[in-house]
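*Asks:* Structure incoming, see below.
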Amino acid sequence: MTTTIYGVSGSRAIRSLWAIEEVGIEYTHVATHFFNDSKTDEYLAVNPNGRIPALVDGDLTLFESMAINLYLTKKYAPTLYPSSDGEQAKAIQWSVWAISEIEPQQMQIVIQKFFNRDNIDQSVIDSATEIVQRPLAVLNEHLADRDYLLGDSFSVADLNVAGVMLLMQMIDFDLSAYPNIQNWTGRCYERDALKRAQALD
Ligand SMILES: N[C@@H](CCC(=O)N[C@@H](CS)C(=O)NCC(=O)O)C(=O)O
């Protein structure tokens, strides 16, 4: 069976490139860029949304980084995927939380800083920065008495939330009011699997 992952590391595909490096299986990386590469007929047959990442694992084709990561860890890296129903639900909870509570605000800032450089609307940045404080405070509080989201060890919950939070670095977001988040991202971001993923195209 062959496993192929599509996407470039300088994009949200980094989340799933990180995941596939964590699980340690053999795979083919197709460095599909989010501009033209993701709109070819060949790629649209893999992901009709025209977005990266996407995964083909044998007969299974998947899009959405969080779903790809939950699948990869469950199937190939049981140490990263919780065993109890409750903890599995928590992993899903944090994954959904990251893309619904954090990512939309980050993207507002990304759009202004990177795609609207000549005409930045500071009010959009200020508003997104303010809105994201509430979920950041929740995450910071949650990490007050544990090293990782589900307890003592790194799991797919950390992979997914820290994967989404990678964008915070790109937009130079000030996290100094959230020391527990800073310490936790520090632990997550020193993982070799992430470094290998970041070294890919
Ligand atoms: N919710 C998707 C978002 C994927 C996404 O929007 N990827 C961007 C790259 S960062 C993309 O492919 N953009 C191309 C486009 O929207 O046409 C996921 O997490 O996988």
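The values are calculated or read from the model by the stated rules, or taken from the named source; none is laboratory data. Everything numeric in this text was worked out from a predicted model, so none of it was measured. We place every Cβ from the backbone using ideal geometry, glycine too, and count neighbours over all the protein chains shown.
*Asks:* crowded, with 19+ Cβ neighbours inside 10 Å and either under 13 Å from the mean Cα position of the chain (by Cα) or assigned to a helix (DSSP H, G or I) (or both) - does that describe any residue in the range 126-135?
*Replies:* Among the residues of the range 126-135, at least one is crowded, with 19+ Cβ neighbours inside 10 Å and either under 13 Å from the mean Cα position of the chain (by Cα) or assigned to a helix (DSSP H, G or I) (or both), which makes the answer yes.
*Asks:* What number of residues within the range 142-194 are over 14 Å from the mean Cα position of the chain (by Cα) and either of a type outside the set (Ser, Thr, Tyr) or outside the structural domain of Lys113 (by TED's automatic domain parsing) (or both)?
*Replies:* Matching residues across the range 142-194 total 28.
*Asks:* Just the residues that are among the aliphatic types (A, V, I, L, M) and exposed (fewer than 14 other Cβ atoms within 10 Å of the Cβ), please, taken from the range 76-112.
*Replies:* Passing the criteria: Ala89, Val96.
*Asks:* Among the candidates Ala31, Ala98, which residue alone is hydrophobic (A, V, I, L, M, F, W, C), under 18 Å from the mean Cα position of the chain (by Cα) and more than 16 Å from Asn160 (Cβ to Cβ)?
*Replies:* Matching residue, one of Ala31, Ala98: Ala31.
*Asks:* With respect to Glu101, determine if the residue is more than 12 Å from the ligand (Cβ to nearest atom), over 26 Å from Val23 (Cα atoms) and not basic (Lys, Arg).
*Replies:* Yes.
*Asks:* Now for a separate question. Among residues belonging to the range 153-183 that are among the acidic types (Asp, Glu) and out of contact with any strand residue (DSSP E or B) (no Cβ under 7 Å at 6 or more places or on another chain), point out the one that is farthest from Arg15 (Cα to Cα).
*Replies:* Asp174
*Asks:* Here's a follow-up. Quick one: how many residues across the range 13-42 are surrounded by 15 or more Cβ atoms within 10 Å (Cβ to Cβ) and away from the ligand (no atom under 14 Å from the Cβ)?
*Replies:* Qualifying residue count for the region: 5.
*Asks:* Would you check which residues across the range 58-76 are closer than 14 Å to Met1 by Cβ and of a type in the set (Val, Ile, Thr) and list them?
*Replies:* Matches in the range 58-76: Thr61 only.
*Asks:* Residues of the range 43-82 being assigned to a helix (DSSP H, G or I), within 16 Å of the ligand (Cβ to nearest atom) and more than 17 Å from the chain's Cα centre (by Cα), which ones?
*Replies:* Within the range 43-82, Tyr43, Leu44 meet the criteria.
*Asks:* Scan Asp126, Asp145, Asp121, Asp85 and give me the residue that is among the acidic types (Asp, Glu) and closer than 19 Å to Cys188 by Cβ.
*Replies:* Asp145
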